[in-house]
Structures are given as C-alpha cells and as structure tokens.
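A.B. asks: Please find one structure pasted underneath; my questions will follow.
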Amino acid sequence: MTWRNVGLLLLAFVVQSTIAEKLSIAGIRPDFILIAFIYISLVCGSMTGIVFGFCVGLLQDFYAPPTQLGLNALCKSVTGFLIGLGKEGLYRENFVILAIVLGVGLVMHEIPYGLIDTGFNGELFVRNFVRQSLPTIAYTLVSGMVIALLLAYREGQFHARRLFPK
Amino acid sequence: MSRFLTSFFHTKQVVALVLAVGISAGLLSLSQQEQIAINRTVMMTVLTPLQQLFSFLPVSVDLLHENESLRETVLQLKMENTALQESHFENDRLRRLLGFKKRPGFSYIPAEVIAHDPGRGQRSVVIDAGTRAGVRRYMAVVTTDGLLGRVIEAGPVSSIVQLVIDPACKISGLVQRSRSQGSVSCIPELGLLVHLPVRSEIRIGDHIVTSGLGGTFPPGLLIGQVDRLELEDLGLFKRAFVRPQVDMSRLEEVYIISVKPEGDFSGYHLSDRTSRAETGKQPDRSPYARQ
C-alpha cells in the first residue's frame, strides 16, 4: 500500500509539473498533488496522512522559492491528520460525501497556508483567498471529482467503492 | 469523554502530528538566510543528484511537438551556419592578408541555475557547474538570449555568477550598428546604462554588444537594446538606457563560455589598464588567457 501511495504521489507530481499548466484558466491551475494526497489520507488514515503530508509538503517547499520553508509541510501534515480521521467514521462510498471531504480538505489546506503566507495580514489574506485560493479550490474540486467519476465508472454505472481498496 | 478522545486520537498519531508541526514551525521560524542555506544544501546534495538520476525520463508531454519545432530551427540554423562559415573563411583570409591575429574559437559549458541569491538583491545566481566542469573565475556566462554575467566564484561543483545588473559589474560595450564604444553599468535606481561620448551615433532600438576589450567578455555578446536616450549633466556624455536581453527572473539553462584548446582570447587584451577599468578590480588572470 505504501509503495502504491508513493507511486500515486509521484504520478501527481509529474502531472502537476506537466499537464496542470496546460489546464490553467486565467492563471488558476488544479492542484493534483493535493487531490492525490487527500485521497491517500482518506484511504489510509491519519498516520499516513501526517507522514505523507509532511514529506510531500517539504518536497514542495524545497522546490518553491526558499522564503517559507516548512509552510507546505505544516499545512499538509495538519490536513492529512484531519482528513485521515474520516477513514473510520465517514461513509465514503457516496460521491457527494467524497466531494464534501475533498472540498473541506482543500479549504483546510488553503486557510492556514494563506494566513501564514500573508503574515496574518487579514486584508491581504481575504484578497488572496478570494482571487487565488477560492478559484483554485473550485477548479481542484471539479478536477478531483471528474477523476473520481472516471475511475469509478464501470459497465455504464459509477461505483464509488471501486475507489477504495478493501 | 477522555475515552472517546483517546480512541479518536491515537497516541502515535498525536506524537507524529506534534513532530511534523514542530519541525515545520521550526523551519518557518528560521531567518531567510538560514532557509536559503538549508534549501541550497538539500537541493545540491539530495535533490539535484536525484534529478540527474531521473533526467532520462521525459519531462514534458509536448516533447514530440518541441522536437519537431527544434528540428525546424536546426535546419534553419544549419543553412544560416553555412552562409556564416563562408563569411568566416573570407574574413579569416582577409584578416591574414592584413596581418591580424587569428580569432579564438569558443566552447560552451552548459549549466543550470540552482539558486538565486536574494541576499545580494538578485544580482547573482548559483549554477551547478564548477571547476570540475572546467569553469574558472571571470568566465563569461550567457543564455540563448544574450549575456548574463560572469563567474565570480568557482567551487568544485557549483559557481556564483554575477549578473550584468549588478552595479559592481562594468562592461565595455559598443553599439552594434554604429560601432560607437561606451561603458555599460547598472545604477540601482536607473537600471542598465551605457555611457557614450556626446557625438556617438546611437538610436533607440540599437543593440548593445560586448566590445571584447579587457579580456573578460568575448566580443559580440548581446547585452540589450536601447530604450531611451538622454544627455548627462554637463552635456559632455550621453547615456542610453538599456533593456537587458536576458529575462533575469526566468533563468534556467545557462552556458559558460570557454576557449577551445586552439583558441587564445588573450590576443584581445589591450592592456592590463583596460582590464582594470572594465572589471573595477585589480587585474586578475583572464579566464581566456593561455595556460
């Protein structure tokens, strides 16, 4: 399972650095790494969410301009932990619930990210959140659900349980 | 309630979360210089070797399209090259007849920009080629667009490149069209400027290239294009505002100019005095001097 998750995240990295740019609309791109990471946290639970979130976030931090080292790692660790809590309690085999979990995960990631990135400047945070984060969340949510529906499609029907291995 | 919390938040998870948050917060609280140092160390010791290991993998889905367009460019350049070679041979013959020295040939050491240095006000970058690759201090660095700067420190596997927009970098340049010579330098609040005698022939849109005087930069490297002209205070000199040809904010691949074994750029030195005027420092051995 671990190697499968690593492979999935590597694939997300490749897709993010190649295809995502082509899909950008007015500079807004879907975040495939976050989709893959939220999915892994939901499937494997909090512990995996924290470990993968920290490692993936740190890797992203090293590739970003070195001014906020640790920001992605912090936000993704917390998001992974919180999303992972839904492994046991949530009824995951429903697309509406999956969409809600993905949406909540994206918001949970973007809010602390935006706050720290703007130095807790409320006005700047709100402006960036409305202009950049919200469109990114919406686009990522739609992209994530399209991918989920494509993977869950079989014989003319959509089966959400296909997304979750036993 | 406590039993509920215990079952909900396992101890291992809480420890892992606290550790992850603690390390992240610790990294975030470091000063910018420290963050850059860590970033650079990890990039150079861990990520760069890993990237090199996987560099055989295609990185772009547009590879086929890019390949096609590059083939077209290669064809065009080959045709252009044939014509230029003809001119080159003719030029060589004429130079021999007139008793000039033979011009040196250059080779290029490719490198990638691995770090910018905000501590120096974006006036230098770090590249992943050093003395092991043949890089030496004061070698000129270019991109496919034009002159980028020169190497000011060469380590075994990486080097620091001083950009042309660094006020400490003085270049002897000339107007490509009229061959008027001037000194190119950057003033922080004004940008890149070329100072010329008042009677020099220069127009907006003219290209400024290196003159080759001083031995630091080979002649003919494109520095930028003239944007605006004005007279200096006493009216004895005019200055042209130059827009650098290279976009300094998007630096990826660069090339360090090295002399081919049969070449000898030292023939271009006028004197040590010129070299000192150009670099603003005590004369150092030119990287292009004969070994």
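The values are calculated or read from the model by the stated rules, or taken from the named source; none is laboratory data. Since the structure is predicted, the reported quantities are computational estimates derived from the model, not experimental observations. Cβ placement follows ideal geometry from the backbone for every residue including glycine, while neighbour counts extend to all protein chains displayed.
A.B. asks: Specify which of the listed residues (A:LEU74, A:LEU11, A:LEU82) is over 20 Å from A:PHE164 (Cβ atoms) and within 14 Å of another protein chain (Cβ to nearest Cβ).
C.D. replies: On inspection, the qualifying residue turns out to be A:LEU74.
A.B. asks: Name the one entry in B:VAL125, B:VAL142, B:VAL164 that is surrounded by 20 or more Cβ atoms within 10 Å (Cβ to Cβ), within 14 Å of another protein chain (Cβ to nearest Cβ) and within 14 Å of the chain's Cα centre (by Cα). Working first, answer last.
C.D. replies: Numbers: B:VAL142 fails: within 14 Å of another protein chain (Cβ to nearest Cβ); B:VAL164 fails: within 14 Å of another protein chain (Cβ to nearest Cβ).
On inspection, the qualifying residue turns out to be B:VAL125.
A.B. asks: In this structure, is A:PHE54 at the interface with chain B (Cβ under 9 Å from one of its Cβ atoms) and modelled with pLDDT of 90 or more? Don't jump to the end; show me each part of the working.
C.D. replies: Working: at the interface with chain B (Cβ under 9 Å from one of its Cβ atoms): yes; modelled with pLDDT of 90 or more: yes.
Yes: the conditions hold for A:PHE54.
A.B. asks: So, in the range B:28-52, exactly how many residues are more than 7 Å from every other protein chain (Cβ to nearest Cβ), part of a helix (DSSP H, G or I) and modelled with pLDDT of 80 or more?
C.D. replies: 2
A.B. asks: Out of all the residues in the range A:15-41, which are of a type in the set (A, V, I, L, M, F, W, C) and under 19 Å from A:ALA73 (Cα atoms)?
C.D. replies: Quick first cut of the range A:15-41, residues of a type in the set (A, V, I, L, M, F, W, C) only: A:15, A:19-20, A:23, A:25-26, A:28, A:32-38, A:40.
A:PHE32, A:ILE33, A:LEU34, A:ILE35, A:ALA36, A:PHE37, A:ILE38, A:ILE40, listed by residue number.
A.B. asks: So, B:SER172, is that one over 29 Å from B:ILE114 (Cβ atoms) and polar (S, T, N, Q) or not?
C.D. replies: Taking the combined requirement at face value, the residue satisfies it.
A.B. asks: Looking at A:PRO30 and the list (1) assigned to a helix (DSSP H, G or I); (2) more than 10 Å from every other protein chain (Cβ to nearest Cβ), which single condition is not satisfied?
C.D. replies: Failed condition: (1).
A.B. asks: Same structure again: Only one of B:SER60, B:SER55 is part of a loop (DSSP other than H, G, I, E, B), under 26 Å from B:SER258 (Cβ atoms) and modelled with pLDDT under 75. Can you tell me which? Working first, answer last.
C.D. replies: Values: B:SER60 fails: under 26 Å from B:SER258 (Cβ atoms).
Only one candidate qualifies: B:SER55.
A.B. asks: Exactly one of (1) surrounded by fewer than 17 Cβ atoms within 10 Å (Cβ to Cβ); (2) at the interface with chain A (Cβ under 7 Å from one of its Cβ atoms); (3) modelled with pLDDT under 80 is unmet by B:ALA25. Its number?
C.D. replies: Exception for B:ALA25: condition (3).
A.B. asks: Would the range B:98-114 turn up any residue that is at pLDDT 80 or above, among the polar types (S, T, N, Q) and farther than 30 Å from B:ARG250 by Cα?
C.D. replies: No, there is no match, as no residue in the range B:98-114 is at pLDDT 80 or above, among the polar types (S, T, N, Q) and farther than 30 Å from B:ARG250 by Cα.
A.B. asks: Kindly establish whether A:GLY49 is without any contact (Cβ under 8 Å) to a residue 40 or more places away in the chain, surrounded by 23 or more Cβ atoms within 10 Å (Cβ to Cβ) and more than 7 Å from every other protein chain (Cβ to nearest Cβ).
C.D. replies: Taking the combined requirement at face value, the residue satisfies it.
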